[in-house]
Every structure is written in C-alpha cells, then in structure tokens.
1. Whose amide H sits under 5 Å from the amide H of ALA276, counting only residues 5 or more places off or on another chain, with H placed in the peptide plane?
2. Leaving ligands, DNA and RNA out of it, report the carbon-plus-sulfur percent of the accessible area of the chain at a 1.4 Å probe.
3. Averaged per residue, what accessible area in Å² does region 73-214 show with a 1.4 Å probe, protein chains only?
4. Using θ = phi - 60° and the Karplus curve 6.51 cos²θ - 1.76 cosθ + 1.60, what whole-Hz ³J(HN,Hα) does each residue of region 172-183 get, with Gly and Pro shown as x?
5. As I understand it, the value is the acute angle between the Cα axis of helix 334-346 and the longest principal axis of the Cα atoms of the chain; what does it come to in degrees, rounded to 10?
6. Please return the longest stretch of the chain lacking exposed loop sites, where GluC sites (Glu not before Pro) count only if DSSP places them in a loop and at most 16 other Cβ atoms lie within 10 Å.
7. Counting just the Cα atoms, what span does the chain cover along each of its three principal axes? Round to the nearest Å and put the largest first.
8. First select every other residue whose beta carbon is under 15 angstrom from the beta carbon of ALA357; then total the charges, Lys and Arg +1, Asp and Glu -1.
Amino acid sequence: KKTILAAAALGAATLSMAAPVMAEGDYKVAMVTDSGDITDQSFNQTTYEACKAFCEENGLDFNYYKPDGDSDEARIASCDQAIADGYNILVLPGYLFAASIVEESPVYPDVKFIALDMSEADLTGAAGVDDVTQAYNTENTYCAIYQEEIPGYMAGYAAVKMGYKHLGFLGGMSVPAVIRYGFGYVQGANAAAEELGITDEVTVEYAYGGQFYGDADITAAMDTWYSTNGVEVVFACGGGIYTSAAEAAAKVDGKVIGVDSDQSGIIGEDITVTSAMKGLAPTVKTALDAIKDGNWESDYAGKIDNLGLVSENPEDNYVQLPMDTTQWDDNFTVDDYKDLVSKLYNGEITVSNDITALPETEIAVNDYGSIK
C-alpha cells in the first residue's frame, strides 16, 4: 500500500509543479467526498452544505470532487485534481482521508487542509510512524475529532426518559468513533434508568453490523430485534447502516435514533426519536473563518482538536441533539435537555470515553458482537 501511495505522491508532486500558487487571501475552497455522495444526509452532505454556504456568504469559489472509487488512491487523485484546478483550501470529511493527508500535505505546502473526524491514530496508522508530527505537514493542516460519547449519552438518556425501556444499538464497524457513540449511549440509558428507579426494566441489545451500509442480513437481524425481542428504538450508528434499522422499524411502528447529523429527514420524521450529532458545520465555519481572518497559523494549523461542549447553550456545542426535530414529550422536554447539557458542561455529569470494554451498568446489556 505504501508503495502505491508513494507513487501517488510522486504523481502529486508532478502536478504540484504546474498547480497555480494562490496569493495570500485569494482563496478557493474545495471538498472531496469520502466513499459517499453529497446527498448522504451525513458527513458528506453536511460538509458540502457548510462549505457552500460559507463560500457564497464570502464570495469565494467553491467546488466539490467525488472520487471514482472507495480507495486511498482515488481520494488522493481527487485531491490532486482539485489542487490542479486552483483550489487551495481542501476540506476532507472523515478518517478515510488519513492517507490523503499523509501524502498530500507535505507535497502541497501552500494548500490548507481541514480534516474532519481525523485522529492522531488515523494519521500515525496511515503513515506507519509512532510520532504524529512525522506523519504529515503540521503547518498547513487542521484536524478535528469529536467526543462522540457525549451525544451518545444524550441520546440514550433521552430515550429512557421518554419511556423507552427496550433499546438497541446497531453500530457500523467497531472503529473508535462508533464505539464511543455506543458506550456513551449505554451510559446515558443507564443513568436515566437509575434516576427513574427502573434499572431492572431497561435492556439494551448491542451489536455491530461489520460494515457501514445496510443489507438483507442486517435487516433480518433488526426484524428479530423489533418483532421478536420487542426492541422499541435502535440507535443506528454508522453511515448507511440506518437503512436496515429504518426498514425493520417501519414494519412494526418502531423507532430509530440517527447519528452524526439530523437524520430525521432521510430516516423519517415519524420514526426518528432524535439524532446524536457532531458539529461538522460549525467546525467548517470556524476553521474557514480563521483562514479568512488571518488566524489560521496561530489558532488552527498543526492542531488535532477534540471537540465537545463549549457552552451551556446546547446549540453552541460541537456535540448535541437537534432542537427542532427531537420528539420531545412531557417526560423529557427541551428544558430537561438544556438542564442535561448544563450538567455535562459543568462537570456534574461525566461520561467515560474508555473504549476498552463495555461500561459497567445496572441495566442489562446483551452484547452480540458483530452480525457479519
């Protein structure tokens, strides 16, 4: 793989010689999709819309590029093409771009890279090194990761407070971000059950699909959860895997919890209880603002920020539930949610981000491992 990537980097270097060097302040923004499209109601769409809105507001050129395949080589080629077309700010949504950052950031020092959901481990793993500063060009790259355990906790807490007692967690692949969502979800459900005095009545069925898309096998497993086991709501966490949960839920009037962005529009407003969201749009906006305002080098370049709560106001935070589409009720209101956020922000409630083992709980958690 490294040989192929090295070859890609050599090709990138050749393109770099011909690529236009943009004067400071003369910015053009491009985003590259990962393995999906800008209509995925998730990472790609949210990032695309945030970039497009910023550029329209500030009179900047914007375009997006879709790789011709789901591979490091295809994503690198799309980055090369964007830069060859004169774009000098690249926004890359997702850990799948780790190899692209490793290969491209040293080759194009005049291009600024904004990588969303990109961790130190992603970069060192892609580069095959232990020291993250040796993995990529820290001078032109900003990375952001998110504290997924917090919105996961919010979703699990809200579900139990709303009266759901038989919950499910369907993760995509058991990568760290998905695990943090799931472990946070279990912790939140347990905390709400303890507060209500119903720990012996609440159960969570817990499984990973082994992939980031739904299919007949996973739908069949969800059919069993909903129809046979009596699961009432499933937190579907991982790309397009929600399709299997939504298909099974629709047959029995079940419910689903979305992930990453407000997925009520694509899952269905009637069956979507809430969504555990990451603040991709505000991340994009603040990073692009920093470039526009001349604060990139001092505030963003070289950082790998772990974004979470920054305020008692829910909508200011990088992790949250959607205020407009969550199915609030008398048992869990908007004010109850604001109180929860305040307690999380002030440290009155803490959520573990340890992903080495399922959290210890008073509620029952049935761990099925991976479906596939």
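1. GLY258, VAL259, ASP260
2. 46
3. Heavy-atom SASA per residue in region 73-214 reads 28 Å².
4. Once rounded to whole Hz, the list reads x, 8, 7, 8, x, 4, 5, 4, 4, 4, x, 5.
5. 60
6. Value returned for the longest uninterrupted segment is 25-138.
7. 65, 41, 37
8. Cβ neighbours under 15 Å give a net charge of -3.
The values are calculated or read from the model by the stated rules, or taken from the named source; none is laboratory data. Since we're looking at a predicted model, the values are computed, not measured. Note that each Cβ is placed from the backbone with ideal geometry, even for glycine, and that neighbours are counted across all protein chains shown. Please note that ligands, DNA and RNA were not included when accessible areas were found on the heavy atoms of the full protein model with its side chains. Shrake-Rupley method; radii C 1.70, N 1.55, O 1.52, S 1.80 Å.
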